[in-house]
Amino acid sequence: MWISEYVLAGYGTGAIMAVPCGDERDFKFAKHFDIPITNIIGDHFNGEEANPTKDAVLQNSGFLNGIVMRDAMEVAIKAIEEKGIGTRKINYKMRDAAFSRQRYWGEPFPVKWVNGVAYALDEEELALTLPEVDSYSPGPEGEGPLANIPEWTSKNLETNTMPGYAGSSWYFLRYMDPQNDNEFANRKATDYWNQVDLYIGGTEHAVGHLLYSRMWTKALCDLGHIGFDEPFKRLVNQGMIQGSSRFVYRINGTNQFVSYSLISNDTEYEGKLLDKIHVDVNFVDGVELNTQAFKKWKNAEFADAEFILEGGKYICGTETEKMSKTKYNTVNPDDLVEKYGADTFRMYEMFLGPVEMSKPWDTKGIEGVHRFLKKLWRLFYKEMNSGESVWQVTTDAPTDAELKVLHRAIKKIEEDTERFSFNTGVSGFMILVNELTDLKCHKQDILQAMLIMLAPYAPHIAEELWRAVGNNTSVIDAAYPKLEEKYLVETSKEYPISINGKMRTTMNISLSAEQKEIEEMVLKNETVQKWVEGKMPKKIIYVKNKMVNIVV
């Protein structure tokens, strides 16, 4: 009989079966003690390592032979119950986040140890604060740095500290009464401010910060210190920025790398075993590999690489995965900020997609947002052939067309921002800048309003241009532009003008114009006169808000 210490306690009283060909720990145990390994998964087991597949057809398994493993589980459980030698049970797992850390920073536990038993400190011994330390190295037995402080250990105080989310579980309450020296927050203050209106965080916070925030809030409510038992009114989980991985494909046992499209399009490589290798995205332009940089990568591990190209290029495979150093798909924000500026980086992150969705990062796409900000800059500065920039903002009164464009943007961007639709908000700015450029608008009143809206999205460029316009206070202190609905009301419409049913031109006509007035305007139009050829129209059909048709 062999006795192992590696079976997890979570199995409880469940039956344990050692299957070395399908479990890594069983495999290592069997190899170490030279125990024969029975292969129950056929070709899925190579004798060199365990394979935890559930898709193998079982063999050497008695009445389960010939059944796919994932289906055999249910068959085995039923058989055990029918024989009366076991009972089906579902084990539910709950993650209990570890609450102590072997480090210096963090709240110290108000606990002292006496003969191996933990006792809470008396109230008069509080508050317990961290001592000043010269070194943050671990203690002699791997404990936290506090184990190195004699005045700490002599009092038998706990040497571990609380995790970061211990303090973050209640800090938002302190904001309600930050100058209070007697308590974390006075009940009058917490009754006034009440719950946090909005919490934005990643889904990974649900088992740490949010879990303990709810627990502590409910406890403080039960104790009468606050009047609400839920910390946050609304939660928005922002999606993860994913990495767009790149792969190269090496023919097994060689140093030859095959371009991606050739693998699926060229029968020469069909059936050949290929090693799929992650490659650093920072020397891949889109999907084209910089082969020289690849050869120098990892201390020239691939220096002798040979490339089978398509059209003179090595094209990489792609896959969207979690951004990770091990997958070589991380992008250093510092490098992008240095190249494009913080505002470009910031706006592109918003532009990637809805805030709640996970979305892949694509460095090539950032250039479009960068061009947009440069176009916005040109509304203020005219670039001369000499390379100089000339200020071109005027104090002229805006036209109705310019005010219409502005107020349409105020409505859209305010609504998008309110509902956290930042990607469509960025799109709204792009439309606004394009329309102002087409109108050749350099009016200060229009551009200043745009900068106030832009400040939350691109604060640096907004602040710089705001000061350049002549303001002495910060753009973030300016009142948000007020929407005036009158500029959103359409007063005219672009009508298609047809001759005998065929559209020949368009005309902008006032929505208040009457039939007779429209007929006179249309017949004076040069394009209409050309097609009518001097003939008298039989009739002119006018359908309001739709079209005008001249029958000749």
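The values are calculated or read from the model by the stated rules, or taken from the named source; none is laboratory data. Since the model is a prediction, treat every value here as computed from it, not as a measurement. Every residue, glycine as well, gets a Cβ built from its backbone with ideal geometry; the counts of neighbours run over all protein chains shown. Just the protein is used for accessible areas: all its heavy atoms, side chains included, with ligands, DNA and RNA removed. Shrake-Rupley method; radii C 1.70, N 1.55, O 1.52, S 1.80 Å.
Data for the structure
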quantity: Any pair with Cβ under 6 angstrom, 6 or more apart, that starts in segment 80-95 at a residue that is over 21 Å from GLY62 (Cβ atoms) and ends at one that is modelled with pLDDT under 90; calculated: ARG95/VAL207
quantity: Residue count, segment 32-54 (criterion: closer than 18 Å to ALA72 by Cα and more than 42 Å from the chain's Cα centre (by Cα)); calculated: 4
quantity: Condition broken by ARG408, with the remaining ones in (1) farther than 27 Å from GLY239 by Cα; (2) surrounded by fewer than 17 Cβ atoms within 10 Å (Cβ to Cβ) satisfied; calculated: (2)
quantity: Neighbours by Cβ (under 8 Å, 6+ apart or cross-chain): first from segment 392-420, in contact (Cβ under 8 Å) with a residue 40 or more places away in the chain; second part of a strand (DSSP E or B) and surrounded by fewer than 19 Cβ atoms within 10 Å (Cβ to Cβ); calculated: GLN392/TYR381; GLN392/LYS382; PHE420/VAL236
quantity: Of all residues making up segment 391-401, the number that are at pLDDT 95 or above and not in a loop (DSSP other than H, G, I, E, B); calculated: 2
quantity: Selection within segment 324-347 - in a helix (DSSP H, G or I), open to solvent by less than 70 Å² (accessible area, probe 1.4 Å), over 15 Å from PHE420 (Cα atoms) and not polar (S, T, N, Q); calculated: LYS327, PRO333, LEU336, VAL337, TYR340, ALA342, ASP343, PHE345
quantity: Residue match in segment 92-107 (condition: hydrophobic (A, V, I, L, M, F, W, C), outside any loop (DSSP other than H, G, I, E, B) and either surrounded by 14 or more Cβ atoms within 10 Å (Cβ to Cβ) or in contact with a helix residue (DSSP H, G or I) (Cβ under 8 Å, 6 or more places away or on another chain) (or both)); calculated: no
quantity: Test: residue in segment 136-158 that is in a strand (DSSP E or B) and closer than 24 Å to HIS209 by Cβ; calculated: no
quantity: Residue check, LEU273 surrounded by fewer than 16 Cβ atoms within 10 Å (Cβ to Cβ), modelled with pLDDT of 95 or more and hydrophobic (A, V, I, L, M, F, W, C); calculated: no
quantity: Where a residue in segment 175-191 is open to solvent by 30 Å² or more (accessible area, probe 1.4 Å) and its partner, wherever it lies, is basic (Lys, Arg), with Cβ under 7 Å and at least six apart; calculated: PHE184/ARG174
quantity: Per-region count, segment 140-157, residues in contact (Cβ under 8 Å) with a residue 24 or more places away in the chain and touching a Ser or Thr at 6+ places or on another chain (Cβ under 8 Å); calculated: 4
quantity: Helices (runs of 4 or more DSSP H) wholly inside segment 453-552 that include at least 2 residues being open to solvent by less than 40 Å² (accessible area, probe 1.4 Å) and either closer than 22 Å to ILE413 by Cβ or not β-branched (Val, Ile, Thr) (or both); calculated: 459-469
quantity: Qualifying residue in segment 235-255 (condition: over 32 Å from the mean Cα position of the chain (by Cα), of a type outside the set (S, T, N, Q), open to solvent by less than 50 Å² (accessible area, probe 1.4 Å) and at pLDDT below 95); calculated: yes
quantity: Among (1) farther than 25 Å from ILE226 by Cβ; (2) in contact (Cβ under 8 Å) with a residue 60 or more places away in the chain; (3) out of contact with any Lys or Arg (no Cβ under 6 Å at 6 or more places or on another chain), the one test that ALA166 misses; calculated: (1)
quantity: Only one of GLU124, GLU132 that is of a type in the set (D, E, K, R), outside any loop (DSSP other than H, G, I, E, B) and surrounded by fewer than 14 Cβ atoms within 10 Å (Cβ to Cβ); calculated: GLU124
